[in-house]
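The values are calculated or read from the model by the stated rules, or taken from the named source; none is laboratory data. This structure is a prediction, so every number in the text was calculated from the model and none was measured. FYI the Cβ positions are ideal-geometry reconstructions off the backbone, even for glycines, and counts take in every protein chain you see.
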Amino acid sequence: MVKDILKLAVEKNAADIFIVAGRPVSFYKNGVIIREGEKGLSPAEVEQNVKEIYELAGRDISILTSRGDDDFSLSVGGLSRFRVSGYKQRGSMSAVLRVISFALPDPETYNIPEKIVKLCEQPNGMVLVTGPAGSGKSSTLACMIDHINRTKESHVITLEDPIEYLHRHNKSIVSQREIRVDTDSYVTGLRAALRQCPQVILLGEMRDFETISVAMTAAETGHLLLSTLHTMGAANTINRIIDVYPANQQRQVAVQLSSVLNAVVSQQLLPSTDGGVIPAFEIMTMNPAIRNMIRDGKVHQLDGVIYSSPDENMVSMDESIVKLLEEGRITEETAQRFAVHPERLRLRR
């Protein structure tokens, strides 16, 4: 039964579950895929498991059979929440499930610095958390939303695909909306949110031109907007946003972005010496020099400014990695593998 698979994944503290034909049920943990048994699942066995997942979620499986892809969340009482991605491959059903705890992430346990969590304390503007898939962006944003919820009286609207962490109303009102369940799309939900008296908007992902455009407007009109991109580094993030616009609008967008952006946090998960994973962060907070660089199209200079800045709220990725290495939390090999500039990293030590 699929419930047994989910239970085993939680017991093993796995991050993801793979249910794919031709392969045993497999778990992803600390950067390694672990097989449960040796016998590969048949297409019929996978289909049965996927059907049970849909039954647990109370969701119509015809969405998957007709489209070939489907994303949704699933809660199993007394066990955990799961983010489900159902898809077809080689004509048969498959599913990958991300394990999400019912409890909100604790910044200290997740090694998220307090100065990152507190980036959400500004009353307006835009804070972006970036990094590859599975790097912990959702956990970082959940910590920020929880901090707001515990410390401020605000209306927080989240637009997620799907909803991952569940936030209870505390000092703030937290309205969590799931794409295709509570609203048609990010753009539709974001435009509606501007009429729902929010002080804070969490946008699960800035995916395309239209979403980015409305998000920029939201940040410009007095709201605090938190979102993610699948980019690494502040310079790549700035370029990604500007490049989605037509060439004749990019100069104007650079000026707009330079005024609304508060911070860019880039993160990646590194194998730790204790057999787990640990995050490394690059933090770029805005100052007049950085605003001028973005406005004047000198984005390529941002890495150098971050790298050489004495500001404790400005941290390069390599500096973060060196700190983990000096604390004995990662190996020299890991540091070299994940460093942005391995040669510079060697010189800094």
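The rows are residues; the columns are (1) free of Cβ contacts under 8 Å to residues at least 40 places away in the same chain; (2) out of contact with any Cys (no Cβ under 7 Å at 6 or more places or on another chain); (3) among the β-branched types (Val, Ile, Thr).
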residue	(1), (2), (3)
226	no, no, no
234	no, yes, no
252	yes, yes, no
305	yes, yes, yes
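Looking only at segment 59-66, decide whether some residue is out of contact with any Leu (no Cβ under 7 Å at 6 or more places or on another chain) and over 27 Å from residue 179 (Cβ atoms).
To start, the set of residues in segment 59-66 that are out of contact with any Leu (no Cβ under 7 Å at 6 or more places or on another chain) comprises 59-66.
Applying the additional criterion that residues be over 27 Å from residue 179 (Cβ atoms) yields none.
Among the residues of segment 59-66, not one is out of contact with any Leu (no Cβ under 7 Å at 6 or more places or on another chain) and over 27 Å from residue 179 (Cβ atoms), which makes the answer no.
Starting from residues that are assigned to a helix (DSSP H, G or I) and polar (S, T, N, Q), keep the ones in segment 297-349 and report whichever is modelled with the lowest pLDDT. Before the answer, list the steps.
Restricting attention to segment 297-349, the residues satisfying the condition of being assigned to a helix (DSSP H, G or I) are 299-308, 317-326, 332-338, 342-348.
From what is left, the residues that are polar (S, T, N, Q) are 301, 308, 320, 334, 336.
Working: 301: 96, 308: 90, 320: 96, 334: 95, 336: 94.
It comes out as 308.
Okay, residues lined up against (1) in contact with a strand residue (DSSP E or B) (Cβ under 8 Å, 6 or more places away or on another chain); (2) without any contact (Cβ under 8 Å) to a residue 12 or more places away in the chain; (3) not assigned by TED's automatic domain parsing to the domain that holds residue 23:
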| residue | (1), (2), (3) |
| --- | --- |
| 60 | no, yes, no |
| 77 | no, yes, no |
| 83 | yes, no, no |
| 86 | yes, no, no |
| 94 | yes, no, no |
| 105 | no, no, yes |
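Which residues, counting only those in segment 90-109, are among the aliphatic types (A, V, I, L, M) and within 17 Å of residue 29 (Cβ to Cβ)?
Step one: list which residues in segment 90-109 are among the aliphatic types (A, V, I, L, M), which gives 93, 95-97, 99-100, 103-104.
Across segment 90-109, the qualifying residues are 96, 97, 99, 100.
Please determine whether any residue of segment 136-145 is surrounded by 20 or more Cβ atoms within 10 Å (Cβ to Cβ) and in contact with a Lys or Arg (Cβ under 8 Å, 6 or more places away or on another chain).
no
Could you name every one of the strands (runs of 3 or more DSSP E) located completely within segment 91-166 that has at least 2 residues being in contact with a Phe, Trp or Tyr (Cβ under 6 Å, 6 or more places away or on another chain)?
Numbers: elements: 92-100, 125-130, 155-160.
Hits in segment 91-166: 92-100.
For segment 108-145, how many residues meet the condition of being closer than 15 Å to residue 264 by Cβ and small (Gly, Ala, Ser)?
3
Return only the number of the condition from (1) under 22 Å from the mean Cα position of the chain (by Cα); (2) of a type in the set (A, V, I, L, M, F, W, C); (3) within 29 Å of residue 82 (Cα to Cα) that residue 218 does not satisfy.
(3)
Checking residue 54 against (1) without any contact (Cβ under 8 Å) to a residue 40 or more places away in the chain; (2) of a type in the set (Phe, Trp, Tyr); (3) assigned to a strand (DSSP E or B), which single condition isn't satisfied?
The one condition residue 54 does not meet is (3).
Which one of these is within 26 Å of residue 123 (Cα to Cα) and not in a helix (DSSP H, G or I): 292, 262? Talk me through it step by step, then tell me what you get.
Working: 292 fails: not in a helix (DSSP H, G or I).
Result of the check over 292, 262: 262.
Please identify the pairs in which a residue from segment 5-18 that is on the phi > 0 side of the Ramachandran plot has its Cβ atom under 9 Å from the Cβ atom of a residue that is aliphatic (A, V, I, L, M), counting only partners at least 6 apart or on another chain.
Qualifying pairs under 9 Å: 13/99.
Being part of a loop (DSSP other than H, G, I, E, B) and at pLDDT below 95 is the filter; apply it to segment 273-286 and report the residue that is surrounded by the most Cβ atoms within 10 Å (Cβ to Cβ).
Pass one, segment 273-286, residues part of a loop (DSSP other than H, G, I, E, B): 273-276, 286.
Then keep just the ones that are at pLDDT below 95; that gives 274-276.
Working: 274: 10, 275: 9, 276: 15.
The extreme case among them is 276.
In segment 287-306, what residues are surrounded by fewer than 22 Cβ atoms within 10 Å (Cβ to Cβ), farther than 15 Å from residue 319 by Cβ and either under 22 Å from the mean Cα position of the chain (by Cα) or among the hydrophobic types (A, V, I, L, M, F, W, C) (or both)? Give the steps one after another, and end with the answer.
Restricting attention to segment 287-306, the residues satisfying the condition of being surrounded by fewer than 22 Cβ atoms within 10 Å (Cβ to Cβ) are 287-289, 291-293, 295-301, 303-305.
Those still in the list that are farther than 15 Å from residue 319 by Cβ too: 287-289, 291-293, 295-301.
Result: 289, 293, 299.
Out of everything in segment 167-188 that is part of a strand (DSSP E or B) and modelled with pLDDT under 95, what residue ends up being farthest from residue 146 (Cα to Cα)?
Filtering segment 167-188 for residues part of a strand (DSSP E or B) gives 173-179, 183.
Among the residues that remain, those that are also modelled with pLDDT under 95 are: 178-179.
Working: 178: 18, 179: 21 Å.
Once the filter is applied, the top-ranked residue is 179.
If I filter segment 210-231 for residues that are outside any strand (DSSP E or B), touching a His at 6+ places or on another chain (Cβ under 7 Å) and assigned by TED's automatic domain parsing to the domain that holds residue 297, do I get at least one hit? Write out each step before concluding.
In the first step, residues of segment 210-231 are kept if they are outside any strand (DSSP E or B); the result is 210-223, 230-231.
Checking the rest, the ones that are also touching a His at 6+ places or on another chain (Cβ under 7 Å) come to none.
Checking segment 210-231: not a single residue is outside any strand (DSSP E or B), touching a His at 6+ places or on another chain (Cβ under 7 Å) and assigned by TED's automatic domain parsing to the domain that holds residue 297.
Yes/no per residue for (1) small (Gly, Ala, Ser); (2) surrounded by fewer than 18 Cβ atoms within 10 Å (Cβ to Cβ); (3) within 24 Å of residue 139 (Cβ to Cβ):
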{"residue": "12", "(1), (2), (3)": "no, yes, yes"}
{"residue": "22", "(1), (2), (3)": "yes, yes, no"}
{"residue": "32", "(1), (2), (3)": "no, yes, yes"}
{"residue": "39", "(1), (2), (3)": "no, yes, no"}
{"residue": "44", "(1), (2), (3)": "yes, yes, no"}
{"residue": "65", "(1), (2), (3)": "no, yes, no"}
{"residue": "70", "(1), (2), (3)": "no, no, yes"}
